[in-house]
Amino acid sequence: MAKTVGAGGKSSARTKKMNETKMIMRQPILLVAVIVVIATLLLFVAYPLIKILLFGLTTEEGTLSLQTLKEILTSHRYLSTFGRTLLLGLIVAVISTFIGYIFAYTITRTNAPCKGFLKMIATLPILSPPFILSLSIIFLFGKQGLITKSLLGITSNNVYGMPSLIVVQVMSFFPIAYLTLSGILESIDASVEDAACNMGASRWHTFWTVTFPLSLPGIISGCLLVFIQSLEDFSNPATIGGNFTTLSVEVYQVITGSYDMRKGSVLAILLLVPAMAAFLLNKYWVNKKSFVTVTGKPTQARKPINEPHIKYPLFIFCILIAAVVILFYGTVIFGSFVTTWGYNYTPTLMQYQKALAYGWSSMKNSMILALISAVLGGLLGMIIAYLTAKRNYYGKGFIEITSVLMFAVPGTVLGIAYVLAVNTKPIILTGTAAILVIVFTFRNMPVAIESGTTTLLQIDNSIEEASTILGANSGRSFRKITLPMLRNAFFSGLVYSFVKAITAVSAVIFLVSPRWNLVTSKIYTLFDQAKYSQAAAFVTMMVGILLVFIGIFNTLINILLAPRSKKRKPTK
Amino acid sequence: MSQQNTERPGKKSPAAVSTDITNTFQQPDTGKDFVAVNNINLEIASGEMVTLLGPSGCGKTTTLRMISGFEYPTSGNIMIGDRDVAKIPPNKRGISMVFQSYALFPHMNIWENIAYGLKVAHLPAKEVEERTNNVIELMQLKGMEYRFPNQLSGGQQQRVALARAVVIEPSVLLFDEPLSNLDAKLRESMRDELRALQKRLGITSLYVTHDQSEAMAISDRVVIMKDGNILQHGSPQEIYEQPANRFVANFIGKANFTEGVFKGMKGEAALVDIKGTVLEIPCPGKMEGVTEGGSCCLSVRPESIELSDKSGQFMGKVVRVTYYGAKVEYEIVYDDQPYIVEIYNPQISQRFNEGEYVWMTFVDKCVRVLL
């Protein structure tokens, strides 16, 4: 087949880029879309980030100064916080990836029983609201703890601190490692492992010489992703960290306690650097190292490992983790129906009544704003995916980078950046619902863009060409051909955005106002007041709401995406 | 929509196509200009089916894509009827195309897929329905209107792709290796079906393939391309029987070449000296570029060599025997050069074994003299 030469190569690529840029200039709809997207990204992504960088590095008078930075870098207190944060991230990343790998291996490689259940356990914590695991560790091991006080009779146990934080973060984030690794393990061609086996390698040998090296990029990727999550986590260290303050908590304390915005900004930048480094490392280095090749040929189905001495130890390990997960979630649900934890375990609905009276309006706010931002983010995500997936023009690089940047920015940093950016003229949005919607939209949009891009890259170019040669112009081809094929990506982006928006803590903690309060910040306040049972009721309701919404979305998807086999029958 | 006023799909006579196009790319590695298609003069008469045939990278797909409008020529004209479409976008050319991957719209059912082009043209609903249903009937897709592409077999998908392309009654129909995704048996039957349909509708067609038997079976004329140039064009018979050069001779079917020196003509026949033996070739063919006293070669098809254990022109050793059922293929080494010989009807013809020595005789009427 004669190839359409010319792809690749610097000068020809440049000519091509030039031509495509010209082509876009001639198409008014596309041109407007590109300009609007670039303007929006400039305003809501680039501007706030530049603002926080500048703010941290200038003095009150606006002159450039490294004074604050120097102050912090020479302060023993902040340096040890920085070190603690990184150390925590490292430990959590390693343990989470280890657990994630065992889950992924057990589920993809063995025929252990109850794989569906294990899969559910390994994905559940992703959907769970914040605070839930911190709450249960307090319920279980705190001063009034079910295990410490009621079971073992210890009342002096200090649950606040690093060990609790590690347990809670590992349980929250090992699913991220699991998802990354199961994807990688799934995509390793079964015949590669069969080949090793065929040449006489034992299972153990095959694992260490073939499977493990091939999944190494996934392991590093999983570690980095968990590391980022641990760094930017606010809700857990803020509630059970105790004296073990992490950077995100430090930033919060500096800003809300001593109202030192400038110091807060510099600390936030300090938090941004390792997070961004890990993100870029993962995106540009690890992903390129991946050995996994997609051949496109249907490969032999994998024969699951059936040897009892391999599968049962793995299975028992997974079941133990699953038991802990269930114990933690169950404890919170149980705690929400209890009169006074530690003293009076009579069942009651009182906590729910109090919670509703105290925070129903914030619950409503969260749902409405999350929904609006999910729809906006989904749509914008699809547009950006369409503008970047298959075209090349001047400005595309900017769109690509800025549109996913927010994903890597820790919530705390994002919150401060927006406070700084929208607090002054020309845009004053502080205290409005708009600012919350904007934060949610831009922070959660990258997943929609990612799935949209993946979908578009899978669509054969010739499908759009077929539409063109049948006479359709680019607008019509987009509406009738491309857009419908993006529905799946749109909905998965929508669901993700919604869940993330409703469970966001760190990004919104500086942005909520009395008028537009959100459920997560209300729960945080309850922690401060040690009203744990009421918080438990809140969190349980959130779980319910998330499940209901996801159910509704799934039904919607099923209805909308079902093949419409009966449209209109042509009349005879 | 306004763009349709130039070429509105409707009943119209098929147009002739003529091109004179060059397409230059910059080479990816060196940055030097690379001519993908060099001054291709292609003429397709109205209602004719022409095939572009050539190895990978010969420029046939680029040529097709320039005619379809997905690629623009660096220079030259593309005339469809009396309209130069070289600078007109693909959706305004009034042509259609059957893609290698079929490119069916996965989210539309068969009926919607086929009706798409008519709806784009804003034809009245009644006409859309009528024409779509007619084509569905014609392509024997009745009863599948409401299925989706992924619920059809490969052959059925191919029919839908064809139906979608012909329903708009294009002035030119382009085929981009449309049968390459089908298995061998199905490919043959679809090929005949496609040719029958093209003849019946009388659509001017350009077909791109790298499969020479497909090209022979389907076209009025075959155009052989290599490295962006046309090497030869003509009817399948002409191409097979009168190849212009060794490349064509070996690309269409197989050929054995024997080096020699051209000694001049004797009436219609050519005299060629092969290692001291002068052979008389009664139908030497075009003899392009062959000069008296200069070197040349004899081109013989495998089926034009006779084998005997008693007498013949050259004696060689059988090194390989492959049994195909309808024929036996021998590889015979003579003068350090392998010759491929095909003997049909093995049940009634004499057979030879590996290691035996046999006499080969060229059927002189089937020998061509090439440069």
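The values are calculated or read from the model by the stated rules, or taken from the named source; none is laboratory data. Predicted model, so just to flag it, every value in this text is computed and none were measured. Don't worry about glycine lacking a Cβ; one is built from the backbone with ideal geometry, like all the others, and counts go over all protein chains shown. These area figures cover heavy atoms from the full protein model, side chains too; ligands, DNA and RNA do not enter into them. Shrake-Rupley method; radii C 1.70, N 1.55, O 1.52, S 1.80 Å.
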*Taking B:G143, is it in a helix (DSSP H, G or I) and either more than 12 Å from chain A (Cβ to nearest Cβ) or in contact with a Gly (Cβ under 9 Å, 6 or more places away or on another chain) (or both)?*
no
*Can you name the condition, by its number, that A:I326 falls short on among (1) modelled with pLDDT under 90; (2) of a type outside the set (F, W, Y); (3) within 28 Å of the chain's Cα centre (by Cα)?*
(1)
_Would you confirm whether or not the range A:441-449 contains a residue that is closer than 26 Å to A:L49 by Cα, surrounded by fewer than 19 Cβ atoms within 10 Å (Cβ to Cβ), β-branched (V, I, T) and touching a Lys or Arg at 6+ places or on another chain (Cβ under 9 Å)?_
no
*Which of (1) buried (at least 18 other Cβ atoms within 10 Å of the Cβ); (2) in contact with a strand residue (DSSP E or B) (Cβ under 7 Å, 6 or more places away or on another chain); (3) within 15 Å of B:Q242 (Cα to Cα) does B:M287 not meet, given it meets every other one?*
(1)
*Could you list, in sequence order, the residues of the range A:534-562 that are farther than 23 Å from A:V439 by Cα, surrounded by 18 or more Cβ atoms within 10 Å (Cβ to Cβ) and out of contact with any Leu (no Cβ under 9 Å at 6 or more places or on another chain)?*
A:T540
*Exactly one of (1) without any contact (Cβ under 8 Å) to a residue 40 or more places away in the chain; (2) in a loop (DSSP other than H, G, I, E, B); (3) farther than 30 Å from B:I224 by Cα is unmet by B:G293. Its number?*
(3)
*Mind counting the residues in the range A:455-477 that are buried (at least 18 other Cβ atoms within 10 Å of the Cβ) and more than 9 Å from chain B (Cβ to nearest Cβ)?*
2
*Test each condition in (1) within 26 Å of B:R191 (Cβ to Cβ); (2) surrounded by fewer than 24 Cβ atoms within 10 Å (Cβ to Cβ); (3) more than 9 Å from chain A (Cβ to nearest Cβ) for B:K87 and report the one that comes out false.*
(1)
*Restrict the check to the range B:102-121 and report whether at least one residue is at the interface with chain A (Cβ under 10 Å from one of its Cβ atoms), open to solvent by 30 Å² or more (accessible area, probe 1.4 Å) and either of a type in the set (D, E, K, R) or more than 24 Å from A:T455 (Cβ to Cβ) (or both).*
yes
_Quick check on the range A:379-397. Is at least one of its residues under 20 Å from the mean Cα position of the chain (by Cα), surrounded by fewer than 17 Cβ atoms within 10 Å (Cβ to Cβ) and assigned by TED's automatic domain parsing to the domain that holds A:V519?_
yes
*Of all residues in the range B:170-206 being touching a strand residue (DSSP E or B) at 6+ places or on another chain (Cβ under 9 Å) and among the acidic types (D, E), which is surrounded by the fewest Cβ atoms within 10 Å (Cβ to Cβ)?*
B:E177
*asked:* Give me the strands (runs of 3 or more DSSP E) completely within the range B:8-72, filtered to those with at least 1 residues that are modelled with pLDDT of 80 or more and among the hydroxyl-bearing types (S, T, Y), ordered by residue number.
replied: B:49-53
*Please work out if A:A195 is open to solvent by 10 Å² or more (accessible area, probe 1.4 Å), free of Cβ contacts under 8 Å to residues at least 40 places away in the same chain, farther than 21 Å from A:K311 by Cβ and assigned to a helix (DSSP H, G or I).*
yes
*Could you give every pair whose Cβ atoms fall below 6 Å, whose first residue belongs to the range A:468-485 and is not assigned by TED's automatic domain parsing to the domain that holds A:L387, and whose second residue is among the small types (G, A, S) and buried (at least 21 other Cβ atoms within 10 Å of the Cβ), counting only separations of at least 6 or pairs across chains?*
none
_Of all residues making up the range B:51-61, the number that are facing chain A (nearest Cβ under 8 Å) and out of contact with any Gly (no Cβ under 8 Å at 6 or more places or on another chain)_ = 4
_Please go through (1) over 16 Å from B:R351 (Cβ atoms); (2) surrounded by 12 or more Cβ atoms within 10 Å (Cβ to Cβ); (3) in contact (Cβ under 8 Å) with a residue 40 or more places away in the chain for B:I305 and return the number of the only condition it doesn't satisfy._
(1)
*Would you say A:G242 is surrounded by fewer than 24 Cβ atoms within 10 Å (Cβ to Cβ) and assigned to a loop (DSSP other than H, G, I, E, B)?*
yes
*Does B:L279 qualify as being more than 26 Å from the chain's Cα centre (by Cα), surrounded by 16 or more Cβ atoms within 10 Å (Cβ to Cβ), assigned to a strand (DSSP E or B) and of a type in the set (A, V, I, L, M)?*
yes
*asked:* Exactly one condition in (1) open to solvent by less than 30 Å² (accessible area, probe 1.4 Å); (2) over 21 Å from B:I95 (Cα atoms); (3) within 11 Å of chain B (Cβ to nearest Cβ) is false for A:L483; which is it?
replied: (1)
*Output the number of residues of the range A:148-182 satisfying the condition of being open to solvent by less than 40 Å² (accessible area, probe 1.4 Å) and part of a helix (DSSP H, G or I).*
18
*Inspect all residues belonging to the range A:514-524 and state whether any of them is assigned to a helix (DSSP H, G or I), open to solvent by 20 Å² or more (accessible area, probe 1.4 Å), over 24 Å from A:I240 (Cβ atoms) and not assigned by TED's automatic domain parsing to the domain that holds A:G145.*
no
*Output the number of residues of the range B:122-140 satisfying the condition of being facing chain A (nearest Cβ under 7 Å) and in a loop (DSSP other than H, G, I, E, B).*
0
*Determine if the range B:161-168 includes at least one residue that is more than 7 Å from chain A (Cβ to nearest Cβ), assigned to a loop (DSSP other than H, G, I, E, B) and open to solvent by less than 10 Å² (accessible area, probe 1.4 Å).*
yes
